[in-house]
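Q: Following this message is one structure expressed as structure tokens.
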Amino acid sequence: MTIKPIITVPNEILKKISDPIENVGESEKKLVNDLFETMYNSNGIGLAAVQVGILKRILVIDVSTKEEEKNPLSFINPVIKKISDETSVYEEGCLSIPDTFIEIERPKICEVEYIDLDGKLKNIRCDGLLSTCLQHEINHLDGKLIIDNLTKLKRDIIIKKISKNKKNPNRVIV
Ligand code: NI
């Protein structure tokens with residue numbers, strides 16, 4: 001397994017639409033393992049392939065808490081089939097937008113069809129954090145980010161701050 005560098009804004013690849021997987025083979029299985037390793041290494045709860053620069057419709061999630069056993073979930077070609085009218089609001093972060101948290105309202109429950117690592121078509125009904133996380137990651141596969149709904153001014157401020165931090169990797173906040 002390999003920890004891959006995570007791509008951050010304003011890299012244009014994050015706006016691209018990922019391609020569906022036609023066959024689940026060894027390279028897809030290796031990619032899923034790499035995504036898990038990269039996600040756990042960054043303490044994230046979800047990661048899409050595009051965030052490591054690979055435009056394939058693959059994503060991984062683990063919303064288990066530190067006290068719980070790991071619960072790695074992987075989704076290939078996920079499609080949202082149903083959403084609830086009821087919504088919930090979480091303060092969301094994103095590994096591609098460091099140090100930024102934005103309140104996002106989404107459908108509380110979603111039903112998602114996807115292909116598993118054995119190539120089988122599956123269906124999952126999600127609620128709570130898993131539902132929000134899965135919707136966030138599926139947005140990545142369509143080139144959508146949590147900053148997209150902000151005004152251009154707010155978005156530019158966030159991107160400028162992140163770019164600046166990158167240039168000064170040794171800067172500390174005290
Ligand atoms: Ni994200």
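The values are calculated or read from the model by the stated rules, or taken from the named source; none is laboratory data. Bear in mind the structure is a predicted one, so any value in this text is a computation, not a measurement. In this analysis, Cβ positions are derived from the backbone assuming ideal geometry, glycine residues included, and neighbour counts consider all displayed protein chains. Accessible surface areas use protein heavy atoms only, side chains included; no ligands, DNA or RNA. Shrake-Rupley method; radii C 1.70, N 1.55, O 1.52, S 1.80 Å.
Q: For T65, what accessible area in Å² do you get when you roll a 1.4 Å probe over the heavy atoms of the protein chains, rounding to the nearest 10?
A: Ignoring ligands and nucleic acids, T65 comes out at about 70 Å².
Q: Related question: Show which lysines lie in cross-link reach of K154 when reach means a straight Cα distance below 30 angstrom and same-chain residues fewer than eight apart are skipped.
A: K4, K15, K16, K56, K108, K144, K164, K166, K167
Q: Could you tell me whether the stretch 10-128 comes out rounded, prolate or oblate from its Cα gyration tensor? Rule is a ≥ b ≥ c as square roots of the eigenvalues, rounded for a/c under 1.5, then prolate if a/b exceeds b/c, otherwise oblate. Each step should come with its number before you reach the end.
A: Details: a/c = 1.34, a/b = 1.14, b/c = 1.18.
It is rounded, given that a/c, with a ≥ b ≥ c, falls under 1.5.
Q: Treating only the Cβ of Lys, Arg, Asp and Glu as charged (+1, +1, -1, -1), what charge dipole size does the chain show about its Cα centre? Round to the nearest 20 debye.
A: 880 debye
Q: Could you sort M39, M1 by accessible area so the largest value comes first, with the probe set to 1.4 Å?
A: Solvent-accessible surface, decreasing: M1, M39.
Q: In addition: Anyone know which of N43, N33, N123 comes out most mobile in the 10 Å Cα GNM of the chain?
A: Highest fluctuation of the listed residues: N43.
Q: Any idea of the accessible area per residue across the chain, 1.4 Å probe, to the nearest Å²? Don't jump to the answer; show the numbers that get you there.
A: Values: 10350 Å² over 174 residues.
Heavy-atom SASA per residue in the chain reads 59 Å².
Q: Can you list residues whose amide H is under 5 Å from K56's amide H, if they're 5+ apart or on another chain and H is modeled 1.01 Å from N?
A: For K56, whose amide H was placed from the backbone, the distant partners under 5 Å are D19, V50.
Q: Return the distance in nm (one decimal) between the two label points of a simple spin-label model at S64 and N41, each offset 7 Å from Cα along Cα→Cβ.
A: Once both label points are built, they end up 2.1 nm from each other.
Q: Can you pull the one-decimal nm distance between simple spin-label points at E86 and D116, each 7 Å off the Cα toward Cβ?
A: Going by the 7 Å Cα→Cβ label model, 2.7 nm.
Q: So what is the calculated 222 nm ellipticity per residue for the chain, using -39500 (n - 2.57) for each DSSP H run with n of 4 or more, over all residues, to the nearest 500 deg cm²/dmol?
A: Details: 3 runs with 46 residues, N = 174.
Theoretical 222 nm ellipticity from helices: -8500 deg cm²/dmol.
Q: Got a sec? What order do V52, V24 fall in by accessible area at 1.4 Å, biggest, i.e. largest, first?
A: V24, V52
Q: Just read off the accessible area of D142 with the full protein assembly in place, 1.4 Å probe, to the nearest 10 Å².
A: 50 Å²
Q: Quote the relative contact order of the stretch 12-167 in percent (integer), defining contacts as alpha-carbon pairs under 8 Å separated by 6+ residues. Walk me through the intermediate numbers first.
A: On the way: 258 pairs, mean separation 37.3, N = 156.
About 24 percent, as a whole number.
Q: Here is a further query. Express in Å², to the nearest 10, the accessible area of E26 obtained by rolling a 1.4 Å probe over the protein heavy atoms while all chains stay in place.
A: Solvent-accessible area, nearest 10 Å²: 140 Å².
Q: If E69, E28 are ordered by their accessible area, calculated over protein heavy atoms with a 1.4 Å probe, which sequence runs from highest to lowest?
A: In descending accessible area the options line up as E69, E28.
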